[in-house]
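Report on one structure; see the data block that follows.
The values are calculated or read from the model by the stated rules, or taken from the named source; none is laboratory data. This structure is a prediction, so every number in the text was calculated from the model and none was measured. Cβ: placed from backbone, ideal geometry, glycine included. Neighbour counts: every protein chain shown. Areas reflect the complete protein model, heavy atoms only, side chains present, ligands, DNA and RNA absent. Shrake-Rupley method; radii C 1.70, N 1.55, O 1.52, S 1.80 Å.
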Amino acid sequence: GQLEQAVEDKAGQFSGLDDSDEEDEDGNYVLHVRTALLESKKGAITALGEMAAHTGAAFCPYLEESMTVLQQAANNWHPLIKGETADALPSLVVPSVAAHHGGEIQWEKGDIGGASPMSPHTTAVTSAVLAELVALMKDDDGETVGKACEGIQAVIELCGPHALAPVASDCLATAHMLLTKQAPCQRVDELYGEVFDDDDDHDEFMTNVCDLVGAFGRVMGPHFVQYLPQFLPPICTYAKSSRPPSDRAMAMGCLGELSQELEKGIQDHWQSVFLPAVLAGLADPDDNVKRNAAFCAGVSCEGLGEAIAAQYPQLLQAISPIFSVDPAQGDATAAALDNAAAAVSRMIMASPGNVPMAQVLPALLKALPLKNDMTENETVYKCLLGLLQMNQPDAIANKAELRRIFTEATSEGSKVEEEVQNKLKLAL
């Protein structure tokens, strides 16, 4: 709320004077929130962000002025304004990337040793934007924090490790503080003596925090491995069976992203953290948790290769019940089945000698084509085409089933990417 008091602001105007000033019976000021003014400010900030995002290089002359306005808005007292500012800030980077990099910056994962691929102009804009967003990560409003994390993720995935490097220490420390529930937005209730049983509560913004941790892996690559001992325990806290399904799925998804991005970097933590989490996730009653656990199992096998082949029987046994579900039960069930199929495909490609093909291949083929998660098409068909090229005996024995799958995947209205379809047509 806003205290209706005649205080002269910086522009020399009495912003508090209003016909609606009131006093209660004791002569105290009454708190008013002018929603119309807030909404118009919010709308202006939204418009600024949208114009920057969609007008490309043409917006560059207005960047400095826009930055000043958003820096002021980031310090506004109202969470509605701060949240909208966190939403708009990443868009300011887009015009500079359009003007100086043709719309895309070519960066290498974890490469901060060489020259920065960013122009001086983009470096300056990115630096200013990230400074504001990292500060907003420490805000006492959860929604604003979530949007700040989302914004940082967008900027570092667009601009790469050189953009993250100057704020990395502060950004990682704040993300860790959020994961361990020590951040201002998580302690605000304690100030008023309210402490909730957080095992039943899912904070929406924590999904953004976990997505940002995944982005650290994507951008920092091997440089993030040293932080795993600090980050993995709090992430796994959210995977506990006492947590709500949304938390468990979120934690499992985060582990999957880290495994995919860090590959062999997770090896020291496979036995103690990733394997137990995957096995628990595959046995979870919730389909979204199963889906993310299957993904994590697959990318871990892909990244660690022969080093974890000894665990293949255990993993295949844990994945196998998913192949008996009915995908018609709903999107989450279908997605879990698709990710189980992709996981088995990755296991076959990583270490074909450790997969009992005679038992596994018929179950895999029966689950195809994919029904829901089309991002895994490339993985699945790369595996099947590879088996055919090798003249793998079980693949040859199942040629009729392969023909059915390839025909469905290349039929009219198929959601399989054109490039993959062309390879399947050649195989047919």
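So the values come out like this:
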{"item": "Rg followed by Dmax, in Å, when the range 212-368 is reduced to its Cα trace", "result": "14.8, 43"}
{"item": "Degrees between helix 418-427 axis and first principal axis of the chain (Cα, 0 to 90, nearest 10)", "result": "0"}
{"item": "Largest to smallest accessible area among Glu84, Glu39 [probe 1.4 Å]", "result": "Glu39, Glu84"}
{"item": "Farthest toward positive dipole pole in the range 32-118 [+1 Lys/Arg, -1 Asp/Glu at C-beta], among Asn75, Ala115, His101", "result": "Asn75"}
{"item": "Most to least packed among 388-401, 141-154, 173-186, 351-364 [average Cβ atoms within 10 Å]", "result": "141-154, 173-186, 351-364, 388-401"}
{"item": "Gaussian network model of the chain, springs between alpha carbon atoms under 10 Å - residue of Leu136, Leu37, Leu370 with greatest fluctuation", "result": "Leu37"}
{"item": "Cut-off under 5 Å, modelled amide H: who pairs with Ile105 long-range", "result": "none"}
{"item": "On Cα atoms only, tilt of 331-350 relative to the major axis of the chain in degrees", "result": "60"}
{"item": "Longest exposed-site-free window of the chain, the sites being chymotrypsin sites (Phe, Trp or Tyr not before Pro) in a DSSP loop that have at most 10 other C-beta atoms within 10 Å", "result": "197-428"}
{"item": "Expected 222 nm ellipticity per residue - DSSP helices of 4 or more, -39500 (n - 2.57), all of the chain, to 500", "result": "-18500 deg cm²/dmol"}
{"item": "Carbon + sulfur, % of accessible area of the chain - ligands and nucleic acids excluded, 1.4 Å", "result": "51"}
{"item": "Pairs from Lys147/Lys366; Lys264/Lys290; Lys290/Lys415 whose Cα-Cα separation, in the structure shown, is over 31 Å", "result": "Lys147/Lys366"}
{"item": "Whole-number accessible area per residue in Å² for the chain, which is evaluated in the context of all protein chains at 1.4 Å", "result": "48"}
{"item": "Lys, Arg +1 and Asp, Glu -1 on Cβ, resulting dipole of the chain about Cα centre, debye, nearest 20", "result": "2880"}
{"item": "No Cys partner within the rule (Cβ under 4.7 Å), the chain", "result": "Cys60, Cys149, Cys159, Cys171, Cys185, Cys236, Cys296, Cys301, Cys383"}
{"item": "GNM result for the chain, Cα springs below 10 Å: residue of Arg403, Arg243, Arg291 fluctuating most strongly", "result": "Arg403"}
{"item": "Ratio of the Cα radius of gyration of the range 341-406 to 2.2 N^0.38 Å, where N counts its residues", "result": "1.00"}
{"item": "C-alpha long axis of helix 377-389 to longest principal axis of the chain, angle in °", "result": "20"}
{"item": "Residue with peak Gaussian network fluctuation, the chain [Cα springs, cutoff 10 Å], from Asp287, Asp373, Asp139", "result": "Asp373"}
